[in-house]
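Peer 1: Take a look at this one; I'll ask things after.
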Amino acid sequence: MLLSDIKIGWFRNFTEPQQMAVDPAVTCLIGKNESGKTTILQALHRLNPANSHTDFNVTVDYPRRHLARHRKEQNLPEVEPITGTFTLEPDDHAAVGRILGFTPPVETVVTATRSYDMALWIDVRCGLQPVVDTLAAEASVDRADLAIFRDVHDPAVLETEAKELAKHLTTQGHVSRAAAVRQAAAGLEDYAVLLGQQGLTEEQVEQLIELLPKFFYFDDYALLQGECDLNELAQRVASGSLLDGDETMLALLRLAGEEPKNLLDEEYVTRKAELQAAGSDLTDKVMTYWTQNPDLSVRFDDDMPVVGRTPEGHEIRHRFLKIQLNDARHNVDTNFSTRSSGFRWFFSFLAAFSDYQGTTDRVVVLLDEPGTSLHGEAQRDFLSYIFQELGPHQQVLYTTHSQHMLDPTRYETMRAVHDRATRQNPNLGVVITPVNLSADPTTVLPVEAALGYSVAQHLFLGKGPHLAVEGSSDFVFLMRMSAHLAGLGRIGLDPRLSIIPVGGVGNMPAFIALMGRRLDVRALVDGAETQKTIKKIRQAAAAVEIPASKIVVIGEIDGLPGTADIEDLFTPKDYLWLYSRSGHPPLDESDLPPTGEPILRRIGQIRGEFDHAGPAHQLTRDIAEFFTQVDDLTLERFEDLFRRLAV
């Protein structure tokens, strides 16, 4: 069965029932810290847990602000905080058919609901129309008689009208058609359980529960530790009182075909060799997707320290299993718990999930903030593992607030989780929406960042050189003026240049330092911050061996202020022509202070701040009219700039 939909409500900060569609492969839950992402996974885990879990607890888990009042109004142990809806896969139809006594239509769904008292309720439903279509096909109902089966939406009414139709057909001499209608109508009784007219037996419920997918939950608390007291672990297994991380260690031991008590006898050396083989196999799987350090491997050692003494004074020794992380690059062994937390997470997850790896049974994998300790590149490695290794075989739901754990090309699989509660209105709860419907911009910030990163990566993959500019107005002015000059047969911007607005001159040093290592980068620097940043920009360029000639400062063009903006390449008359037509009251050069400062500052002194992009867009709108009156000096300055920027 595939999980297709969940409903969660009256659980922690979910005060209104929320429904969420689940992707057949991978679903990503995004949201800020404390938004409710983990709550969704923990509720799902309790629906049908594969590994250890905590039961629902009304006192702890019910929304606190409503607990006292609702206890007086209803029986809270019967409240149902989680419901999952499952669609049937091809193999499920035969299995469910054996349980129900008939093969259900493909549209049949199974719902599982867990209440606070941990009772699990199962239901199997199908719409009337698919049932009718199935019955009509089985009975070979004549096409002319199908209308009655398509237009009625109540089983009882349908049965009554079908009998009337059969009676009418009989009187008309259409005996076979009448028999087919009766057969189809009579079959409704067999499907009563799907139509909500009959309940499941206890035996059927138990059998359907066996078909449900299990939910496997993994978070940072389940990481393997660097060493394990096998004597105490065996005692905890016997008493059923496992601690955080114990299940992961037990899964690792099971992978080697062992259990804790087996490692306490005299055959420990042989059993450790089997464990070593299992660890090597897991390491190989990790390394398929772990590109950060391919020289890591996991090794096992043991120790028998004294942990106490008997009343008679005899030493009590326990066997400790030690997990070592070997770094062949530096030829050192270190304790597993002290090194590479990202690698530990990946290895621990594979160990914990090894019980279910390769199984044909459905397991829904719930990963709470996977890879938070990983470097950005390593997070993308793990994201590839989720989509390429886990998703094709088992459904995965994972939470994140990291841009590196998101794939913008799978935008439709993301769900935004937003806690709307405020100090003014604390009764509001969590909402789950598609990303495009999220009302909270900060919730979808990681998606925007991931999209921006992806776009930038594709943009920078071009073979041509890249010109960093401050913002969008620079881009527009350069493109429009270049096109005009090239059309006149004069020097325009080299067509091989890709213009990259970096969002402010303050971002230039970082852009040069980072992108200049692997790309052909140059920069156009202008604005009031020029003097503060040009030294940093040139130092960054020198550090990545970008020639000084590739850093062009507009303020160094003859006749312009030292902090000139790209707008100062226009004569004051030409720029004010654009300014006055972009929604601002007209200005003439004679209106400006005769200070010799950049024109944007001079305008600001009498008009205040304004959107610099407006005149740039005005050039696009009135391009033909502008160039009928443009000054030669404007063209000469831009031509000089393009000459300096030539590749």
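What follows draws every value from the coordinates through simple rules; no lab data is involved. It should be emphasised that the depicted structure is a prediction, and the values quoted were computed from it without experimental measurement. Methodologically, a virtual Cβ is constructed for each residue, glycine included, from the backbone with ideal geometry; neighbour enumeration extends over all protein chains shown.
Peer 1: Taking R0 as 30 Å, what FRET efficiency do you get between Asp142 and Leu120 from their Cβ-Cβ distance, rounded to the nearest 0.05? List each step's numbers first, then the result.
Peer 2: Values: r = 44 Å, r/R0 = 1.48.
Computed FRET efficiency for Asp142 and Leu120 comes out at 0.10.
Peer 1: Nearest 0.05, what FRET efficiency do Glu73 and Asp494 give at R0 = 60 Å with Cβ-Cβ as r? Please list the in-between numbers first.
Peer 2: Details: r = 74 Å, r/R0 = 1.24.
Calculated transfer efficiency: 0.20.
Peer 1: Describe numerically, in nm with one decimal, the distance between label points set 7 Å from Cα along Cα→Cβ at Ile606 and at Glu589.
Peer 2: Placing both labels 7 Å beyond Cα along the Cβ direction yields 1.3 nm.
Peer 1: If a/c stays under 1.5 just call it rounded; otherwise compare a/b with b/c (prolate if a/b is bigger, oblate if not). Do that for the stretch 229-269, with a ≥ b ≥ c from the square roots of the Cα gyration tensor eigenvalues. Don't jump to the answer; show the numbers that get you there.
Peer 2: Working: a/c = 2.32, a/b = 1.36, b/c = 1.70.
Note, shape of the stretch 229-269 comes out oblate.
Peer 1: What is the extension gain from Ser580 to Asp558, computed as 0.36 nm multiplied by their sequence separation minus the C-alpha to C-alpha distance, in nm to one decimal? Write out the running numbers ahead of the final one.
Peer 2: Details: separation 22, 0.36 × 22 = 7.92 nm, distance 2.66 nm.
In short, 5.3 nm is gained.
Peer 1: Over the chain, what is the percentage of antiparallel beta bridges among all DSSP beta bridges, to the nearest 5? Spell out each step's value before the answer.
Peer 2: Working: 46 of 73 bridges.
Percent antiparallel among DSSP bridges in the chain is about 65.
Peer 1: Which links in Lys37/Lys322; Lys261/Lys285; Lys7/Lys72; Lys32/Lys214; Lys214/Lys285 stretch past 32 Å when you go from one Cα to the other? Working shown, then result.
Peer 2: Numbers: Lys37/Lys322 34 Å; Lys261/Lys285 27 Å; Lys7/Lys72 24 Å; Lys32/Lys214 28 Å; Lys214/Lys285 23 Å.
Over 32 Å Cα-Cα: Lys37/Lys322.
Peer 1: Over the Cα atoms, compute the radius of gyration (one decimal) and Dmax (the largest Cα-Cα distance, rounded to a whole number) for the stretch 103-154, in Å.
Peer 2: Over the stretch 103-154's Cα set, Rg and Dmax evaluate to 15.8, 52 Å.
Peer 1: Return the lysines within reach of Lys536: Cα separation strictly under 20 angstrom, same-chain partners fewer than 8 residues apart disregarded; answer none if there are no such residues.
Peer 2: Lys550
Peer 1: So, R0 is 30 Å and r is the distance between the beta-carbons of Ser239 and Thr359; what FRET efficiency does that work out to, to 0.05?
Peer 2: 0.60
Peer 1: Could you pull out every one of the aspartates and glutamates with an alpha carbon less than 12 Å from that of Lys573, ignoring same-chain neighbours closer than 8 positions?
Peer 2: Excluding near neighbours in sequence, the set is Asp588, Glu589, Asp591, Asp631, Asp632.
Peer 1: Give me, ordered by chain and number, the residues 5 or more places off Arg317 or on other chains with an amide H under 5 Å from its own placed amide H.
Peer 2: Counting only residues 5 or more places away or on other chains, the set is Val307.
Peer 1: Starting from the Cα of Tyr221, step 7 Å along the direction of its Cβ; do the same at Thr310; then give the gap between the two resulting points in nm.
Peer 2: A separation of 3.8 nm, rounded to one decimal place.
Peer 1: Hey, rough spin-label estimate for Phe102 and Glu377, points 7 angstrom out along Cα→Cβ, what's it come to in nanometres?
Peer 2: It is 6.1 nm.
Peer 1: Mean residue ellipticity at 222 nm from the helices of the chain, using -39,500 (n - 2.57) per DSSP H segment of n ≥ 4 over the full residue count, to the nearest 500 deg cm²/dmol?
Peer 2: On the way: 23 runs with 258 residues, N = 647.
Taking each H run of at least 4 residues, the total per residue is -12000 deg cm²/dmol.
Peer 1: Another one. If you take semi-axes √(5λ) of the Cα gyration tensor in Å from the coordinates, which of [x] 61, 43, 23; [y] 98, 23, 20; [z] 43, 27, 23 do you get?
Peer 2: Computed from the coordinates, semi-axes √(5λ) of the Cα gyration tensor in Å corresponds to [x].
Peer 1: Which aspartates and glutamates have a Cα less than 18 Å from the Cα of Lys535, not counting those fewer than 8 places away in the same chain?
Peer 2: Glu470, Asp526, Glu545, Glu556, Asp565
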